[in-house]
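Below you'll find the structure, written out as structure tokens, and then a few comments.
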Amino acid sequence: PSSSASAPPLLRLRSFVRSAPMVDTTHGFHPLTPHDAPSFMAYKRLNLIRNLIIILILFVFFNVVALSLAVSSAPSVSALDGLAPAGSARILCAVMLALCSCVVLSDVTVGAFPYLDKHKFHVTNTPLGSLTYLTFEGVTSQFVCYTSNAIAEVALAANGCDTKGSGSLAEQSEWLCPSARRVLFLTHAAATFAGALGCIVSILFFVLVWNGPDFKAVRRYWDKHVGGFSENMIRGHVPPLLLAIVDITVVKRRALLSSIPVNDTVIAMCFALAYLILVNTVSYLNGGYYPYPFMVEFLGRKPLRWIVFYFAVTGFALSVTAALKMLSRHYTIWP
């Protein structure tokens with residue numbers, strides 16, 4: 001028993017499958033059974049591939065948009081021309097932040113591999129993979145934004161780009177320096193959104209999901225039979241808030257961040273509406289399964305409740321965004 005308890009989750013999963021425990025259907029929870037094992041492994045591989053494709057598409061799309069639209073969206077072209085390479089401390093922090101976001105994304109995608117139930121299967125078994133989970137959207141947004149920012153900062157410093165876009169390697173980097181500045185512009189434009197989404201993931205998970213009776217049943221079951229589930233959930237939902245604060249107060253350039261006009265109200269309302277439409281559309285197509293238990297218990301198919309929930313979430317998102325903006329104005333480490 002002691003060796004089994006200390007074994008990795010995947011090894012304990014195989015032992016769990018062989019031991020064939022009774023299916024626990026408490027609160028509608030239907031975990032993996034030995035009969036489901038072959039399809040379970042095929043499904044997880046397919047879902048992982050779907051998620052990786054989604055991450056790659058979003059990363060490429062973000063940088064293509066940066067290269068094509070950032071200059072025309074900037075307050076002025078001179079604002080981008082004036083972006084000099086950052087100091088070594090800021091670049092190091094940007095790289096470390098990108099690596100941390102990669103680790104969190106890995107925990108949310110690969111780290112959740114051993115845990116599957118009927119509900120999650122129906123929610124994620126679509127071409128969209130885990131995109132209906134706000135956690136996946138939040139950590140993916142942070143990964144894309146923070147990784148792109150780190151690459152841009154390193155490119156500016158490594159290619160000798162001075163404040164006018166020239167330098168010791170001017171001839172070789174005449175396209176790279178402007179491109180890096182455009183990506184840097186868009187990462188700052190998206191910083192508050194990615195940070196706010198990460199904070200919302202952290203806060204709402206523990207407010208709406210963690211202590212719910214359905215999720216408690218899920219946690220007890222997986223922690224008992226496979227192990228590591230609660231720890232995996234904490235690793236995937238606590239860091240996004242911390243990464244957002246570090247990004248806003250340490251990594252991002254205050255002058256550039258404050259010079260970019262962003263309509264937070266429109267962004268929050270549009271994103272919340274798009275997400276709720278996505279969740280309900282996927283739920284309609286998969287037979288009524290929602291990504292989070294509270295959506296089934298409190299919202300269901302009642303339009304009025306969804307409308308109230310929409311405005312409540314939008315208001316909360318705007319509050320989080322305002323808090324991050326206050327941090328960026330008053331508590332940044334470097335200018």
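The values are calculated or read from the model by the stated rules, or taken from the named source; none is laboratory data. All values reported here derive from a predicted model rather than from experimental measurement. When we count neighbours, we look across all protein chains shown, and the Cβ atoms used for this are built from the backbone with ideal geometry, even at glycine. Heads up: the accessible areas ignore ligands, DNA and RNA and are worked out on the full protein's heavy atoms, side chains in. Shrake-Rupley method; radii C 1.70, N 1.55, O 1.52, S 1.80 Å.
If you go through the stretch 285-304 and keep only what is assigned to a helix (DSSP H, G or I) and buried (at least 16 other Cβ atoms within 10 Å of the Cβ), you end up with P293, F294, M295, V296, L299.
With the structure loaded, tell me whether V282 is in contact with a Cys (Cβ under 6 Å, 6 or more places away or on another chain) and part of a helix (DSSP H, G or I) or whether it fails that test.
Numbers: in contact with a Cys (Cβ under 6 Å, 6 or more places away or on another chain): no; part of a helix (DSSP H, G or I): yes.
Here the answer is no, as V282 does not meet what is asked.
Inspect the stretch 121-143 for any residue being assigned to a helix (DSSP H, G or I) and modelled with pLDDT under 80 and give the result as yes or no.
Let us first name the residues in the stretch 121-143 that are assigned to a helix (DSSP H, G or I), namely 121-124, 134-143.
Still in the list and also modelled with pLDDT under 80: 121-122.
Taking every residue of the stretch 121-143 in turn, at least one turns out to be assigned to a helix (DSSP H, G or I) and modelled with pLDDT under 80.
Name the residues in the stretch 68-114 that are more than 14 Å from G236 (Cβ to Cβ), surrounded by fewer than 19 Cβ atoms within 10 Å (Cβ to Cβ) and modelled with pLDDT of 85 or more, would you? Result: S88, A89, R90, I91, L92, V95, M96, L99.
The condition of being among the hydrophobic types (A, V, I, L, M, F, W, C), more than 18 Å from K120 (Cβ to Cβ) and open to solvent by less than 10 Å² (accessible area, probe 1.4 Å) holds for only one of A194, A189, A217, that being A194. Scanning the stretch 233-258 for residues that are of a type outside the set (A, V, I, L, M) and surrounded by 15 or more Cβ atoms within 10 Å (Cβ to Cβ) yields R235, G236, H237, P239, P240, D247, T249, K252, R253, R254.
For the stretch 223-232, does any single residue satisfy the condition of being touching a strand residue (DSSP E or B) at 6+ places or on another chain (Cβ under 9 Å), over 16 Å from A194 (Cα atoms), open to solvent by 20 Å² or more (accessible area, probe 1.4 Å) and not polar (S, T, N, Q)? The answer is yes, given that some residue of the stretch 223-232 is touching a strand residue (DSSP E or B) at 6+ places or on another chain (Cβ under 9 Å), over 16 Å from A194 (Cα atoms), open to solvent by 20 Å² or more (accessible area, probe 1.4 Å) and not polar (S, T, N, Q). Only residues in the stretch 130-145 that are under 17 Å from M295 (Cα atoms) count as the first member; pair them with residues that are open to solvent by less than 30 Å² (accessible area, probe 1.4 Å) and of a type in the set (V, I, T), Cβ under 7 angstrom, at least 6 apart or cross-chain, and list the lot. Going by the 7 Å Cβ cut-off, the qualifying pairs are S130/T124; L131/I54; T132/V123; T132/V279; T132/V282; L134/V201; T135/V201. Here I307 meets the list (1) part of a loop (DSSP other than H, G, I, E, B); (2) free of Cβ contacts under 8 Å to residues at least 60 places away in the same chain almost entirely, failing just condition (1). Within the stretch 222-229, is even one residue assigned to a helix (DSSP H, G or I), closer than 24 Å to V296 by Cβ and either aromatic (F, W, Y) or within 18 Å of the chain's Cα centre (by Cα) (or both)? For the stretch 222-229, residues assigned to a helix (DSSP H, G or I), closer than 24 Å to V296 by Cβ and either aromatic (F, W, Y) or within 18 Å of the chain's Cα centre (by Cα) (or both): present.
For the stretch 259-279, filtered to residues that are touching a helix residue (DSSP H, G or I) at 6+ places or on another chain (Cβ under 8 Å) and not in a helix (DSSP H, G or I), the residue that is surrounded by the fewest Cβ atoms within 10 Å (Cβ to Cβ) is V262.
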